[in-house]
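Before any comments, here is the structure.
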Amino acid sequence: METSNQKTRVTVQAVIQAPREKVWRYWSEPEHITKWNQASETWHSPRAENDLRVGGKFLTRMEAKDGSMGFDFSGIYDVVKQDEQISYTVGDGRKVDITFVDNGNETKVVEIFDAESTQPIEMQQAGWQAILDNFKRYTEKI
């Protein structure tokens, strides 16, 4: 499935019961990012920085709540189309593309990312989907 010169692309998606402008805001504003950006209840994101423009940088600190481990997830924006699309490159060179599809009072969010080579593809997909599902719950609740 994965070859040495071509990365495997993985897709996760969710339909959020909220207008696209709200979805975009909750996706991109640090005070919201820290509320939804974790794959499980045992993790959290205590800090987020986001300069949402082409060439701008973002950083989200992700940590186990028990303090046993943590890491910074960061990158640089390649494409920013207000309310429509975000593309970025993470520190290790992998690419991520996100589209926000307007369906009136709901928004379809589609995230496509380059898989990394150390974890099984299924585990990566499950983790990214869990974060997206948290985003959906958070955005629909508030």
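The values are calculated or read from the model by the stated rules, or taken from the named source; none is laboratory data. Model, not experiment: these values are computed from the prediction. FYI the Cβ positions are ideal-geometry reconstructions off the backbone, even for glycines, and counts take in every protein chain you see. Side chains included, ligands, DNA and RNA excluded: accessible areas come from the protein's heavy atoms. Shrake-Rupley method; radii C 1.70, N 1.55, O 1.52, S 1.80 Å.
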If you take the residues of the range 63-96 that are open to solvent by 70 Å² or more (accessible area, probe 1.4 Å), over 22 Å from ARG9 (Cβ atoms) and of a type outside the set (D, E, K, R), which of them is farthest from the chain's Cα centre (by Cα)?
SER68
Just one of THR60, THR99 is assigned to a strand (DSSP E or B), at negative phi, open to solvent by 20 Å² or more (accessible area, probe 1.4 Å) and among the β-branched types (Val, Ile, Thr); which is it?
THR99
What is the number of the single condition among (1) in a loop (DSSP other than H, G, I, E, B); (2) under 14 Å from PHE113 (Cβ atoms) that ASP66 does not meet?
(2)
(1) at pLDDT 95 or above; (2) of a type in the set (S, T, N, Q); (3) within 23 Å of LYS22 (Cβ to Cβ); (4) open to solvent by 30 Å² or more (accessible area, probe 1.4 Å) all hold for THR107 apart from (4)
For the range 12-36, which residues satisfy the criterion of being within 24 Å of MET123 (Cα to Cα) and either of a type in the set (Asp, Glu) or open to solvent by less than 20 Å² (accessible area, probe 1.4 Å) (or both)?
VAL12, ALA14, ILE16, ILE33, TRP36
Do we find that ALA39 is within 13 Å of the chain's Cα centre (by Cα), in a strand (DSSP E or B), closer than 23 Å to ILE142 by Cα and aliphatic (A, V, I, L, M) in this structure?
no
Out of GLU49, GLU140, GLU122, I need the residue that is part of a strand (DSSP E or B), surrounded by fewer than 17 Cβ atoms within 10 Å (Cβ to Cβ) and at pLDDT 95 or above. Which one?
GLU49
